[in-house]
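First up is the structure itself, then whatever we jot down about it.
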Amino acid sequence: MINITLPDGTVVAHPKGVTPLEVAKGISEGLARNVISARFNNRKVESVTPLETDGSLVLYTWNDEEGKKTFWHSSSHVLAQALEELYPGIKLTIGPAIDAGFYYDVDFMDHHISEKDFPAIEQKAMEIARGKHEFKMREVSKSDALSYYKEHENPYKVELIENLEDGDITFCDHDSFTDLCRGGHIPNTGLIKAFKVLNVAGAYWRGDENRPQLTRVYGISFPKQKELTQYLHMLEEAKKRDHRKLGKELELFTFSQKVGQGLPLWLPKGAALRERLEQFLKSAQKKAGYEMVVSPHIGQKELYVTSGHYAKYGEDSFQPIHTPKEDEEFLLKPMNCPHHCEIYNAKPYSYRELPKRFAEFGTVYRYEQSGELHGLTRVRGFTQDDAHIFCTHEQLDQEFKDVIDLSLYVLTSLGFDNYTAQVSVRDPETPEKYIGSVENWERAEAAIINAAREKDLNFVIEPGEAAFYGPKLDFMVKDALGRKWQLGTIQVDYNLPERFELTYKGSDNEMHRPVMIHRAPFGSMERFVALLLEHTGGNFPLWLTPDQAIVLPVSEKHEKYAQKVLKSLENCEIRALVDARSETVGKKIREAEMQKLPFMLIVGDQEMDQGTISVRRHGGEDLGAISVEAFSELVENEINSTLKRFKEV
């Protein structure tokens with residue numbers, strides 16, 4: 001017999017060789033019908049994997065993120081089989097699950113695929129799914145694995161296998177199809193009830209522009225047809241809210257081929273929006289005891305070698321800048337934290353002076369592959385709302401909880417109030433991915449988990465998702481369409497203080513290492529604005545929106561009064577403009593609606609005679625004719641009630 005520990009701490013005894021599916025049946029038949037996959041002793045296993053030792057078991061269903069990933073990974077195998085049957089001779093490469101669905105990178109050789117082929121692929125995939133074929137894992141020796149793919153003339157799989165250790169190679173079989181795979185599958189293909197090919201795109205093998213270009217086929221699948229219908233409806237809504245489309249319509253930002261890919265240009269309205277976001281956070285930071293600093297856009301290569309960033313991210317950085325001086329190299333700044341370490345090092349500190357909280361809206365640069373760039377969400381130059389706190393070990397707990405409070409204030413103030421927390425820790429099976437001692441990692445991970453518990457956060461622990469220098473807590477936010485985004489991150493770091501030899505004098509007159517907290521509630525200004533645009537559909541909160549009102553004179557004779565109204569609004573600190581074009585009021589209203597302007601203030605003969613404005617809210621609500629003073633009070637009350645509500649949250 002072996003003892004299986006469930007997530008709630010319950011221990012159940014089963015015969016050795018029991019499968020996760022059988023454990024689920026012992027709990028309830030309903031659970032067993034819904035189990036997709038499992039994790040045993042923190043290792044992903046199939047629902048039919050025999051369990052041979054005592055251990056902890058987590059069962060996953062479609063309602064779990066891990067369950068969805070297993071479902072979609074299994075579906076990528078079905079997609080690959082469908083493609084092989086429809087297009088003989090193609091070369092398969094890799095096919096992972098992603099945040100929403102899956103893809104498979106394929107060398108189609110002489111075949112060509114386009115949107116008109118999608119229905120045939122979907123039909124073939126569903127035909128395979130209805131066969132209810134079981135997914136079966138088997139271990140394969142390295143020599144046999146190489147022989148198999150050399151025989152099938154697939155150089156991509158051969159290259160993957162050559163980089164694997166003998167004894168660590170597995171194949172997955174279903175129906176007549178075989179694929180190189182680490183595992184993690186649903187019991188059989190019959191669970192797939194709906195299948196959709198979403199689009200195709202180009203992708204370089206191993207992400208290298210110098211390697212062959214492949215075709216990436218994106219798809220998604222569901223256990224119920226109605227869920228696919230709902231998803232496709234959400235996609236249509238997402239197209240309307242695409243930040244690239246709205247950013248152009250609202251004149252917030254643009255890109256220029258002459259400036260360079262992935263380098264956004266902020267237009268006046270977008271720059272004003274950014275400025276308000278920055279001032280909002282600066283005000284909150286000032287109250288929380290932060291000090292603003294400024295660091296340069298470049299640094300000597302040695303700075304990033306010391307921090308460890310060059311070893312980990314050197315390939316993703318822009319090439320070094322060589323100066324006329326021999327052996328002198330600079331890099332465009334990929335991170336702000338090494339600079340802040342040197343700011344801390346500028347003077348000695350006593351324990352009485354800690355914590356020190358340095359904040360900066362610092363622009364950093366990373367050379368993302370051109371195929372990975374996407375509007376403002378994936379760029380090559382972006383501004384982080386970075387801050388680094390240097391504190392004693394005794395201060396760490398309270399400082400971390402204070403940063404949680406600040407992060408939640410920022411998110412809820414902007415309408416992101418549907419969130420969970422993710423605590424990202426090391427993967428103990430890949431220690432080479434991280435720097436620093438095991439002892440320091442354990443201390444840092446314990447500090448984050450304890451703070452999350454004390455703040456009563458709804459959180460999950462994700463092994464293997466930590467930064468290379470320390471564990472972190474990320475806020476996973478759901479937007480108005482139910483999509484999940486990572487917004488706001490807090491990290492505990494014992495390693496950079498070691499690498500930069502940071503010190504403070506303790507109460508014992510001895511020198512000690514401070515602990516470092518990295519935090520960025522927005523993450524980056526570019527990505528945050530993109531997600532805020534899509535979340536709000538461009539209808540920003542009244543306190544944030546670039547223009548709060550537009551004055552619409554009915555005819556040319558009302559323009560002078562419109563300018564007088566504008567001056568009064570500006571005196572009341574309301575951001576407004578006048579549309580004095582020779583167009584009908586109806587057309588001006590329609591265009592103001594498209595610009596997402598919160599209020600339209602119409603002025604004609606009656607308003608001019610009575611000294612009023614006719615107020616129309618975005619969306620069509622008519623508030624009638626009121627004085628400018630009454631309108632100013634309405635705007636002020638609306639903003640104050642919104643911000644007060646968020647402060648209470």
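The values are calculated or read from the model by the stated rules, or taken from the named source; none is laboratory data. Because the structure is a prediction, the values reported are computed rather than measured. Positions of Cβ are generated from backbone atoms using ideal geometry, with glycine treated the same way; all protein chains shown enter the neighbour counts.
Laid out as a table, the results:
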quantity	calculated
Residue pairs meeting the criteria (Cβ under 8 Å; at least 6 apart or on separate chains; first closer than 23 Å to residue 590 by Cβ and assigned by TED's automatic domain parsing to the domain that holds residue 560, in the stretch 608-624; second among the basic types (Lys, Arg) and outside any loop (DSSP other than H, G, I, E, B))	622/616; 623/616; 623/617
Helices (runs of 4 or more DSSP H) (entirely within the stretch 1-113) containing at least 3 residues that are polar (S, T, N, Q) and surrounded by 13 or more Cβ atoms within 10 Å (Cβ to Cβ)	65-86
Selection status of residue 385, touching a residue at least 60 places away in the same chain (Cβ under 8 Å), surrounded by 22 or more Cβ atoms within 10 Å (Cβ to Cβ) and not basic (Lys, Arg)	yes
The stretch 168-193, subset in a strand (DSSP E or B) and free of Cβ contacts under 8 Å to residues at least 40 places away in the same chain, residue nearest to residue 368 (Cα to Cα)	180
3 or more residues closer than 25 Å to residue 254 by Cα: qualifying helices (runs of 4 or more DSSP H) within the stretch 265-354	268-287
Number of positions in the stretch 468-494 that are more than 10 Å from residue 419 (Cβ to Cβ), of a type in the set (A, V, I, L, M, F, W, C) and in contact with a strand residue (DSSP E or B) (Cβ under 6 Å, 6 or more places away or on another chain)	3
Residue list for the stretch 141-158, filter: without any contact (Cβ under 8 Å) to a residue 12 or more places away in the chain and either of a type in the set (A, V, I, L, M) or closer than 19 Å to residue 90 by Cβ (or both)	150, 151, 152
Whichever residue in the stretch 415-433 is in a loop (DSSP other than H, G, I, E, B) and crowded, with 21+ Cβ neighbours inside 10 Å and, among such residues, is farthest from the chain's Cα centre (by Cα)	426
Residue satisfying condition, being surrounded by 14 or more Cβ atoms within 10 Å (Cβ to Cβ), touching a Lys or Arg at 6+ places or on another chain (Cβ under 8 Å) and farther than 28 Å from residue 544 by Cβ, within set 454, 445, 399	445
Residue in the stretch 266-284 that is surrounded by 13 or more Cβ atoms within 10 Å (Cβ to Cβ), of a type in the set (Gly, Ala, Ser) and at positive phi present	no
Index of the failed condition, residue 336 passing every other in (1) of a type in the set (S, T, N, Q); (2) surrounded by fewer than 20 Cβ atoms within 10 Å (Cβ to Cβ); (3) modelled with pLDDT of 90 or more	(2)
Failed condition for residue 573, given (1) over 24 Å from residue 276 (Cα atoms); (2) in a loop (DSSP other than H, G, I, E, B); (3) within 43 Å of the chain's Cα centre (by Cα); (4) not hydrophobic (A, V, I, L, M, F, W, C)	(1)
Residue list for the stretch 389-414, filter: part of a helix (DSSP H, G or I) and over 24 Å from the mean Cα position of the chain (by Cα)	396, 397, 398, 399
Close pairs from the stretch 556-572: first in contact (Cβ under 8 Å) with a residue 12 or more places away in the chain, partner part of a helix (DSSP H, G or I), Cβ under 7 Å, at least 6 apart	558/608; 561/608; 565/628; 568/628; 569/628; 572/632
Unique match (being without any contact (Cβ under 8 Å) to a residue 60 or more places away in the chain and of a type in the set (A, V, I, L, M, F, W, C)) among 23, 106	23
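For every residue, the table says whether it meets (1) assigned by TED's automatic domain parsing to the domain that holds residue 436; (2) touching a residue at least 24 places away in the same chain (Cβ under 8 Å); (3) more than 30 Å from residue 507 (Cα to Cα).
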site	(1), (2), (3)
304	yes, yes, yes
314	yes, no, yes
322	yes, no, yes
333	yes, yes, yes
349	yes, yes, no
354	yes, yes, no
361	yes, yes, yes
368	yes, yes, yes
